[in-house]
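This report refers to the structure that appears directly beneath it.
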């Protein structure tokens, strides 16, 4: 009987299987390493692109901030110019105010029945109303933007008129004429008392007229028809 020894064949086959498994394992390691390297390179490329976009946006934001500052400076200059223009218009109007006032008096006065003995004009800043006390729910006001000019209080003028008239009707007609002038907001009789002059009973009166605030529309000195 012939006997065949299979141990060398089995050992060789076992070594071949081990060699094949090691080759597959090494191949998998190589594939995983290549995949990781590729993923790392791709991710780095995306990060680089996003970083470039972020840098570009930062540069654009810086340019926009500079433009905003320029716009704020221009607005401040425009506000200052408008304020100076308003002051110039006010001064120009004040320069013509005495002439307009005398013209208005000549239109409102009742001829041959009265005369003025005193005319005085006073100017004072209009008083602003006191703000209400702050409440818990009230939100604080934001501070004024830089370059914003201060608010100038409105100036209000009053004209005091004193004179003599023949009777009460003449004083009433004179007040109606004053109320017809658009340069006055209100006309108020302060005093009216009788006084005898050369055996003639006359009416001594005092009237206070409140003028329209400076800065409003140009005063019109024409009486109503």
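The values are calculated or read from the model by the stated rules, or taken from the named source; none is laboratory data. Predicted, not measured: the structure shown is a model, and the values here were computed from it. Neighbour counts run over all protein chains shown; Cβ positions are idealised from the backbone, glycine included.
A residue that is loosely packed, with under 11 Cβ neighbours inside 10 Å, modelled with pLDDT under 90 and in contact with a strand residue (DSSP E or B) (Cβ under 6 Å, 6 or more places away or on another chain) occurs nowhere in the range 157-173.
Given the options 78, 57, 50, name the one that is without any contact (Cβ under 8 Å) to a residue 60 or more places away in the chain, within 17 Å of the chain's Cα centre (by Cα) and either closer than 30 Å to residue 212 by Cβ or part of a helix (DSSP H, G or I) (or both). Break it down stepwise before answering.
Details: 57 fails: within 17 Å of the chain's Cα centre (by Cα); 50 fails: within 17 Å of the chain's Cα centre (by Cα).
78 is the lone residue from the list that is without any contact (Cβ under 8 Å) to a residue 60 or more places away in the chain, within 17 Å of the chain's Cα centre (by Cα) and either closer than 30 Å to residue 212 by Cβ or part of a helix (DSSP H, G or I) (or both).
Among the residues of the range 103-114, those that are under 19 Å from residue 181 (Cα atoms) and surrounded by 12 or more Cβ atoms within 10 Å (Cβ to Cβ) comprise 103, 104, 105, 107, 108, 109, 110, 114. A single member of 124, 120, 92, 66 is loosely packed, with under 11 Cβ neighbours inside 10 Å, modelled with pLDDT under 90 and in a helix (DSSP H, G or I), and it is 92. Just one of the numbered conditions (1) modelled with pLDDT of 90 or more; (2) within 35 Å of the chain's Cα centre (by Cα); (3) under 20 Å from residue 115 (Cβ atoms) is not true of residue 181: (1).
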